[in-house]
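First the structure, in the form of structure tokens, and then the observations on it.
The values are calculated or read from the model by the stated rules, or taken from the named source; none is laboratory data. All of these numbers come straight from a predicted model, not from anything done at the bench. As a convention, Cβ positions derive from the backbone with ideal geometry for all residues, glycine included, and neighbour counts pool all protein chains shown. The accessibility values were calculated without ligands, DNA or RNA, using every heavy atom of the protein model including side chains. Shrake-Rupley method; radii C 1.70, N 1.55, O 1.52, S 1.80 Å.
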Amino acid sequence: MEKKRNRKPNWTEEQGLLLAQLVNEHKGMLRGKFGPTVTSQGKRRAWDTISQTINASFPLVVRTGDDCEKRWYVLQSKAKDEIAAHKRESSLTGGGPPAKRRLSQVADTVFQVLGHSEVSVTGLPTGIDTSMMQALEMQQR
């Protein structure tokens, strides 16, 4: 008979916000390029430190460093989508009142960690990449 795997409860908004804030505090280690001061063991220790802080704040559910790392990548993905939607709404034309939608605290904190350069606006699915067109034109010449 198969052993049933017990799932942990879903992450709450407060846990996600705390995770994003802790990643922001440790972003030098977690997002840094590998080198003499940034190693895989150092990154693992940073994730373990983050998980210990989250477990101390929310003792009912025990999260591991791997759980925190996986959740961080989910938060990043969701925040990038939210930021892109926010930018898209804020650049609409046509008059009327401006969009009142604000970024969530988690998305805002993730945006602070990632910086402006890593959060891009996704284009239209049927749009044309002009840089690709320029590259093709240069090849044809």
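For residues that are among the aliphatic types (A, V, I, L, M) and more than 27 Å from residue 108 (Cβ to Cβ), tally how many sit in the range 1-49.
Quick first cut of the range 1-49, residues among the aliphatic types (A, V, I, L, M) only: 1, 17-20, 22-23, 29-30, 38, 46.
Then keep just the ones that are more than 27 Å from residue 108 (Cβ to Cβ); that gives 1.
Summing the residues that are among the aliphatic types (A, V, I, L, M) and more than 27 Å from residue 108 (Cβ to Cβ) in the range 1-49 gives 1.
Given the options 51, 77, name the one that is out of contact with any strand residue (DSSP E or B) (no Cβ under 8 Å at 6 or more places or on another chain), among the hydroxyl-bearing types (Ser, Thr, Tyr) and under 14 Å from residue 22 (Cα atoms).
Result of the check over 51, 77: 51.
Any chance the range 54-61 includes a residue that's surrounded by 12 or more Cβ atoms within 10 Å (Cβ to Cβ), of a type outside the set (D, E, K, R), under 25 Å from residue 115 (Cβ atoms) and at pLDDT below 95?
no
Here is a check on your reading of the model: is residue 78 at pLDDT 85 or above and either assigned to a loop (DSSP other than H, G, I, E, B) or open to solvent by 70 Å² or more (accessible area, probe 1.4 Å) (or both)? Don't jump to the end; show me each part of the working.
On the way: at pLDDT 85 or above: yes; either assigned to a loop (DSSP other than H, G, I, E, B) or open to solvent by 70 Å² or more (accessible area, probe 1.4 Å) (or both): yes.
Yes, satisfied.
So that you can scan it fast, the table gives a plain yes or no per residue for (1) closer than 30 Å to residue 45 by Cα; (2) at pLDDT 70 or above; (3) open to solvent by less than 60 Å² (accessible area, probe 1.4 Å); (4) within 20 Å of the chain's Cα centre (by Cα):
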residue: 69; (1), (2), (3), (4): yes, yes, yes, yes
residue: 84; (1), (2), (3), (4): no, yes, yes, yes
residue: 88; (1), (2), (3), (4): no, yes, no, yes
residue: 91; (1), (2), (3), (4): no, yes, no, no
residue: 104; (1), (2), (3), (4): yes, yes, yes, yes
residue: 111; (1), (2), (3), (4): yes, yes, yes, yes
residue: 128; (1), (2), (3), (4): no, no, no, no
residue: 131; (1), (2), (3), (4): no, no, no, no
residue: 137; (1), (2), (3), (4): no, no, no, no
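Looking only at the range 38-47, which residues are exposed (fewer than 15 other Cβ atoms within 10 Å of the Cβ) and under 13 Å from residue 70 (Cα atoms)?
44, the sole residue that qualifies.
Within the range 1-26, track down each residue that is surrounded by fewer than 10 Cβ atoms within 10 Å (Cβ to Cβ) and hydrophobic (A, V, I, L, M, F, W, C). Before you say what the answer is, go through the steps one by one.
Within the range 1-26, the first condition is being surrounded by fewer than 10 Cβ atoms within 10 Å (Cβ to Cβ), and the residues that meet it are 1-7, 9-10.
Residue satisfying the conditions is 1 alone.
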